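Read the figures in this text as sums done on the coordinates, not as results from a lab. The model shown is predicted, which means the values in this text are computed figures rather than measured ones. Methodologically, a virtual Cβ is constructed for each residue, glycine included, from the backbone with ideal geometry; neighbour enumeration extends over all protein chains shown.
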Amino acid sequence: MKTHFKKKYYQATLETPICPMVAIADEQYLYRLDFADKHIAQNAIDKKVAPIESIEQELALYFSGQLKKFDTPLKLQGTDFQQQVWRALQTIPFGETWSYLQLANAVNLPTAYRAVANANGKNPLSIIIPCHRVINHNGKLGGYTGGLNRKIALLKHEGINDEKF
């Protein structure tokens with residue numbers, strides 16, 4: 001008889017200057033970081049395990065201006081294409097923006113900017129994977145699943161102040 005063990009996931013709500021966020025992790029990796037009003041957690045135990053404690057500390061440092069790159073261990077779950085886009089997003093330097101076209105070029109699919117934008121919008125790790133740094137080719141903000149006010153707040157926090165915002 002086979003025994004099936006269900007993986008345990010843990011969650012915690014973390015306070016940030018822009019809004020509360022929900023972190024979901026197992027004992028080793030962070031899987032999700034979402035804005036609390038955008039996230040519905042299921043089957044997760046309320047507990048701060050090591051990856052959640054790590055991202056909580058890193059978010060505090062990020063928002064205090066002392067951190068530009070996150071080191072909490074991540075586990076990306078998505079299609080190969082989505083993961084490729086999310087890895088490319090992580091190469092956008094702090095304080096800079098890319099267009100969806102630049103992001104498409106970074107994954108060697110220059111005509112797939114709409115597919116890249118879709119993968120960008122499915123990013124499971126807000127702020128850590130900086131999808132907020134992607135704007136339209138014309139310099140306008142474009143969309144943001146966390147809401148444009150949060151996108152503007154994150155960009156301004158990173159020193160990107162544009163009259164188009």
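Numbers at a glance
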read-out	value
Extreme residue, positive dipole direction of the chain, given options 31, 129, 79 (C-beta unit charges)	79
Within straight-line cross-link reach of residue 68, lysines at Cα separation under 28 Å, skipping those fewer than 8 residues along the same chain	38, 47, 48, 122, 140, 151, 156, 164
Interchain or long-range residues, amide H under 5 Å from residue 9's placed H	45
Highest to lowest packing among 18-27, 101-110, scored as the average C-beta count within 10 Å	18-27, 101-110
For the chain, radius of gyration divided by Kirkwood radius, i.e. Rg to Rh on alpha-carbons	0.99
Stretch gain in nm, segment residue 50-residue 8, where the contour uses 0.36 nm per residue and the Cα spacing is subtracted	13.8 nm
Estimated FRET transfer efficiency when R0 is 22 angstrom, pair residue 77-residue 137 (beta carbons, to 0.05)	0.15
Set of region 75-97 residues, backbone N closer than 18 Å to the point 7 Å along the Cα-Cβ line of residue 28	75-78
Dipole magnitude of the chain about its Cα centre (Cβ charges: Lys, Arg +1; Asp, Glu -1), debye to nearest 20	480
Computed label-point distance, nm, for sites residue 64 and residue 19 using a 7 Å Cα→Cβ extension	2.5
